[in-house]
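The values are calculated or read from the model by the stated rules, or taken from the named source; none is laboratory data. Since we're looking at a predicted model, the values are computed, not measured. Cβ placement follows ideal geometry from the backbone for every residue including glycine, while neighbour counts extend to all protein chains displayed. Ligands, DNA and RNA are excluded from the accessible area calculation, which covers all protein heavy atoms including side chains. Shrake-Rupley method; radii C 1.70, N 1.55, O 1.52, S 1.80 Å.
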Amino acid sequence: MSGLGAADLAVLALGALLVGIAKTAIGGVGAISVALFAAVLPARESSGALLPLLIVGDLFAVHAYRRHVDWPALLRLFPSVAAGVLVGAVFVAGVDDTAMRRTIGGLLLAVVAVHLWQRRRRRRAAAEAGPAGAPPRPAGRWVAFCYGLLAGFTTMVANAGGAVMSLYLLAAGYAMLTFLGTAAWFFLIVNLFKVPFSAGLGLITADSLALNAALLPALLLGAFIGRAGVKRLDQKKFERLVLAFTVVASLNLLR
């Protein structure tokens, strides 16, 4: 913290505020937090500095939406997510900051493009089938495997798995509260799983934990804002915001 100026701390505080909002309202905002932390800190160090804040945000989200969760969907994802985390740990150990940022940005944009294409196909099929609604459909085994692998990889490399998970849940057609509750439990478990790997790679240190403590009030404020604001969002606006913030953050990572 001694090397950070007031402007740097303000940017990091904004990132922490957005973590709170992302965990309790709009998941795609979390990708902007990744970009803000990477703008102030080296990409490797920013990943470790952000992880404890994400875990605190996960605890708030689980408390708020603990009754709204699809456990079967999560259980389908966890094996491939664990594999993705392991691949990500190897990747982090062998590449520089620029490669990390650009790899994640490119992957996220590709996932957004695939999601929009799939959504267009579903809308066309629904129009042909008539007005009858359909319940959320869990993704097929291979689709779930690919999303899980990508989510594990991106969350280990740049704490950017929130965007991938958001697209997975949107593709399944979950209502807003089920979306938030399933994502909350998913990331609490996955982020706790990542801690030993991040500590082993030297990404979590005494200095980074001191920075986390200083940024905690901003995260708490963001969680309060998100919890209050989510009640005013309808489903369509929610989905558009998730996609928009994911694209903005992905483009920034490609810089």
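Might you check whether a residue that is open to solvent by less than 10 Å² (accessible area, probe 1.4 Å), over 24 Å from T178 (Cα atoms) and modelled with pLDDT under 85 occurs anywhere in region 71-94? Yes. Do we have G3 as of a type in the set (G, A, S) and open to solvent by less than 40 Å² (accessible area, probe 1.4 Å) here? No: the conditions fail for G3. L233 meets the conditions (1) open to solvent by 20 Å² or more (accessible area, probe 1.4 Å); (2) of a type in the set (A, V, I, L, M, F, W, C); (3) modelled with pLDDT of 75 or more in every case but one. The failed one is (3). Cβ-Cβ contacts under 8 Å between residues 6 or more apart (or on different chains), taken from a first residue in region 110-124 that is at pLDDT 70 or above to a second residue that is among the hydroxyl-bearing types (S, T, Y), are listed as V112/T246; V112/S250. Just one residue in the set A206, A199 is open to solvent by 60 Å² or more (accessible area, probe 1.4 Å) and within 25 Å of D96 (Cβ to Cβ); that residue is A206. Of all residues being open to solvent by 40 Å² or more (accessible area, probe 1.4 Å) and aromatic (F, W, Y) in region 137-180, which is modelled with the highest pLDDT? Just the residue, please. Here the answer is F145.
Does N212 satisfy the condition of being among the polar types (S, T, N, Q), assigned to a helix (DSSP H, G or I) and modelled with pLDDT of 90 or more? Yes.
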